[in-house]
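One structure is given below, encoded as structure tokens.
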Amino acid sequence: MADHNIRTGRPNAPMSFEEKQYDERVLHVDRVARVVKGGRRFRFRALVAVGDRKGRIGVASAKGADVTAAVSKATDTAKKHFISVKLYNGTIPHEVQAKVGGANILLKPASPGTGLIAGGVVRILLEVGGVSNALSKSLGSSNKVNLAYATLDALQTLQTSDKWVTRQTKSAAESRKPKVESKAKASETKAESQESTKKAKPDKKVEKIAPKKGAKKPKDEASR
């Protein structure tokens, strides 16, 4: 009788325990007021971060009549604006810095076992994004909204090692450029020479044949 409803006698529906696909974290809740005729109208603003701990993360802020409504709206908006984060062995591939408003955030990669040397909003965003080892430093404002979006911009600008511009790639690119330019210059000079030869053709000059020695002069010259 444990699997049946006591009142109806019908079997109970099997309970489904679904694991959460995303890790949802509330970063900050603030009460905001709007001045209207007759007083002030209070609402709530929630800042939420959503991620799958595998390199996808989204951040959004929304307002609502109560905290629950604001959090649900922000969560739905964050799920619609996911970004992908490039990870390398549980950390970020290189150092990155981003600035949004007055917030300025610096992120650096760390060796395995270091953990997250970060606090507040930055730590939650890195955890949700799947970063397990990193160093961070806030160099500007402590506004949580600006810090969250600055961290998001920093994570979005990360690139993998195959897209890095290093000294070797620069030298290789520079060594290739002169060859291409020399070929282009050679083709241009060749075309110019062909055009000049077509335009400037030699004029036909009538050469006077000098009379040979001992030859008879014409009658006109003899009469003179």
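The values are calculated or read from the model by the stated rules, or taken from the named source; none is laboratory data. Predicted, not measured: the structure shown is a model, and the values here were computed from it. Reconstructed Cβ throughout: ideal geometry from the backbone, glycine too, with neighbour counts over all protein chains shown. The protein model used for the area step is the full one, side chains on, heavy atoms only, and it has no ligands, DNA or RNA in it. Shrake-Rupley method; radii C 1.70, N 1.55, O 1.52, S 1.80 Å.
Contact annotation: residue pairs with Cβ atoms under 9 Å, 6 or more positions apart or on different chains, pairing a residue in segment 102-130 that is at positive phi with a partner that is open to solvent by 50 Å² or more (accessible area, probe 1.4 Å) and not hydrophobic (A, V, I, L, M, F, W, C), are 115/132; 120/138; 120/142; 120/144; 130/53; 130/54; 130/56.
Would you point out which residue out of 128, 122 is in a helix (DSSP H, G or I) and in contact with a Gly (Cβ under 6 Å, 6 or more places away or on another chain)? 128 is the lone residue from the list that is in a helix (DSSP H, G or I) and in contact with a Gly (Cβ under 6 Å, 6 or more places away or on another chain). Only residues that are closer than 18 Å to residue 144 by Cβ and either touching a Phe, Trp or Tyr at 6+ places or on another chain (Cβ under 8 Å) or outside any helix (DSSP H, G or I) (or both) were counted in segment 65-74, giving 2. When residue 40 is tested against (1) at pLDDT below 90; (2) surrounded by fewer than 10 Cβ atoms within 10 Å (Cβ to Cβ), only condition (1) is not met. When each of 103, 62, 98 is tested for being closer than 15 Å to residue 145 by Cα, among the hydrophobic types (A, V, I, L, M, F, W, C) and surrounded by fewer than 19 Cβ atoms within 10 Å (Cβ to Cβ), the lone residue that passes is 98. In this entry, residue 152 passes the filter for residues that are part of a helix (DSSP H, G or I) and either more than 19 Å from the chain's Cα centre (by Cα) or within 17 Å of residue 27 (Cα to Cα) (or both).
I'd like to check something: does segment 132-150 contain any residue that is open to solvent by less than 20 Å² (accessible area, probe 1.4 Å), β-branched (Val, Ile, Thr) and within 13 Å of residue 59 (Cβ to Cβ)? No, segment 132-150 has no match at all.
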